[in-house]
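The structure appears right after this line, and notes come after that.
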Ligand SMILES: [Zn+2]
């Protein structure tokens, strides 16, 4: 059994579509030494049925893995544990980076929360930094509606989403 491939809730329907209609989810690893841990996911086949090319110049020529089962995808939803303001500065070229002080603050918060933590920037100006921890992890086949495979199912609705549940109830 392969390690489950992690997927954010907002990508769940897209991954299910690729597995059902586009030959699977292809995962490309990075060959860019400056970005070693990165990976990219995409449909294994293009609309016309030929193999997809690599998604970015940074990726290896061929996918390292093609996922063809919903069970091999783990949908990980996050729970926000803390939010704080960060300060940005101009970095090299066009990039914008955290100030050294904000970097230290972020690093400290991540260390406090533990190694499973991740962060996202948001808020009206993109300067609210929120730290998340994994909340629930379920495989894709358990996460999505059994009928349409497009929306998350609702607890207590026989594995169906609200729309399919309503359709069934009305008959
Ligand atoms: Zn449904």
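The values are calculated or read from the model by the stated rules, or taken from the named source; none is laboratory data. Quick caveat: nothing in here was measured; it's all calculated off a predicted structure. Neighbour counts are summed over all protein chains in view; Cβ atoms, including those assigned to glycine, are modelled from backbone coordinates with ideal geometry.
Quick notes on this structure:
- The set of residues from the range 96-118 being in a strand (DSSP E or B), in contact with a helix residue (DSSP H, G or I) (Cβ under 7 Å, 6 or more places away or on another chain) and under 30 Å from residue 2 (Cα atoms) is empty.
- Test: residue in the range 2-25 that is surrounded by 16 or more Cβ atoms within 10 Å (Cβ to Cβ) and farther than 21 Å from residue 145 by Cα: no
- Candidate set from the range 127-147 (those that are without any contact (Cβ under 8 Å) to a residue 24 or more places away in the chain and assigned to a loop (DSSP other than H, G, I, E, B)); member that is farthest from the chain's Cα centre (by Cα): 147
- Of all residues in the range 70-82, those satisfying the criterion of being within 15 Å of residue 41 (Cβ to Cβ) and either touching a helix residue (DSSP H, G or I) at 6+ places or on another chain (Cβ under 7 Å) or free of Cβ contacts under 8 Å to residues at least 24 places away in the same chain (or both) are 70, 73, 75.
- Within the range 17-44, the set of residues being under 13 Å from residue 64 (Cβ atoms) and assigned to a strand (DSSP E or B) comprises 25, 26, 27, 28, 29, 30, 39, 40, 41, 42.
- Exactly one residue among 66, 96 is free of Cβ contacts under 8 Å to residues at least 60 places away in the same chain, buried (at least 16 other Cβ atoms within 10 Å of the Cβ), in contact with a strand residue (DSSP E or B) (Cβ under 7 Å, 6 or more places away or on another chain) and under 29 Å from residue 14 (Cβ atoms), and that residue is 66.
- Of everything listed in (1) away from the ligand (no atom under 16 Å from the Cβ); (2) part of a loop (DSSP other than H, G, I, E, B); (3) over 18 Å from residue 4 (Cα atoms), the single unmet condition for residue 150 is (1).
- Test result for residue 93, more than 20 Å from the chain's Cα centre (by Cα), outside any helix (DSSP H, G or I), within 24 Å of residue 7 (Cβ to Cβ) and modelled with pLDDT under 95: no
- Considering 166, 130, the condition of being modelled with pLDDT of 90 or more, more than 26 Å from residue 69 (Cβ to Cβ) and more than 16 Å from the ligand (Cβ to nearest atom) is satisfied by 130 alone.
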